[in-house]
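For reference, the structure discussed in these notes is given below.
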Amino acid sequence: MEIKKPAVAGTLESSDCMVTLEPGDGKIDFSLDSVVIRQFGNKIREVTFETLKRLHIDNVKIAVVDKGALDCTIKARIEAAAFRSVGQLDNLPWGGEIR
């Protein structure tokens, strides 16, 4: 999937995260701001990169601002931002590419 335009998903509420995707420069440019970065920073990075791989995204600027979100929430926010970025708002492949 190619990121076509900037897109955002999520909030800055407790137990959520805000994910921003923008077209990249030929690589994955990842930034993380988290209230639990010392405890879970590596896991958040792992979940982010696994989700991008599953969605076939390898050229993106991604910023995650985490407020203690669970892994499933991080995945959902990345998926929502990715599909918003390409303008696919209907007929999302639940159970297909998204797992």
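Structural remarks
- Simple label model, 7 Å out from Cα along Cβ direction - MET1 to ALA63, nm: 2.1 nm
- Going from the fewest other Cβ atoms within 10 Å to the most, the residues CYS72, CYS17 appear in the order CYS72, CYS17.
- Gain on full stretching of the segment that runs from VAL36 to SER15 - 0.36 nm per residue minus C-alpha separation: 6.5 nm
- For PHE40, PHE30, PHE83, the sequence from fewest to most other C-beta atoms within 10 Å is PHE30, PHE40, PHE83.
- Ellipticity at 222 nm from helices only: DSSP H runs of n ≥ 4 in the chain, each -39500 (n - 2.57), divided by the residue count, give -11000 deg cm²/dmol.
- Using a Gaussian network model of the chain in which every pair of alpha carbons under 10 angstrom is joined by a spring, one finds that among ASP25, ASP58, ASP16 the greatest mean-square fluctuation is at ASP25.
- Residues THR11, THR48, THR73, sorted so that the one with the fewest Cβ neighbours within 10 Å comes first: THR11, THR73, THR48
- One way to sum up the overall shape of the chain is the equivalent ellipsoid from its Cα gyration tensor, whose semi-axes run 20, 15, 12 Å, largest first.
- The chain, dipole about Cα centre (Lys/Arg Cβ +1, Asp/Glu Cβ -1), debye to the nearest 20: 100 debye
- Inter-part distance where the range 34-76 and the range 1-27 are each reduced to a Cα centre, Å: 10 Å
- Shown here for the chain: GluC sites (Glu not before Pro) in loop regions (DSSP other than H, G, I, E, B) with at most 16 other Cβ atoms within 10 Å, namely GLU2, GLU13, GLU97.
- Normalised contact order of the chain, rounded percent, pairs of Cα under 8 Å and 6 or more residues apart: 40 percent
Read-outs: derived from the displayed coordinates by stated rules, not from any lab. Note that the coordinates shown come from a computational prediction; the quantities given were computed from them, not determined experimentally. FYI the Cβ positions are ideal-geometry reconstructions off the backbone, even for glycines, and counts take in every protein chain you see.
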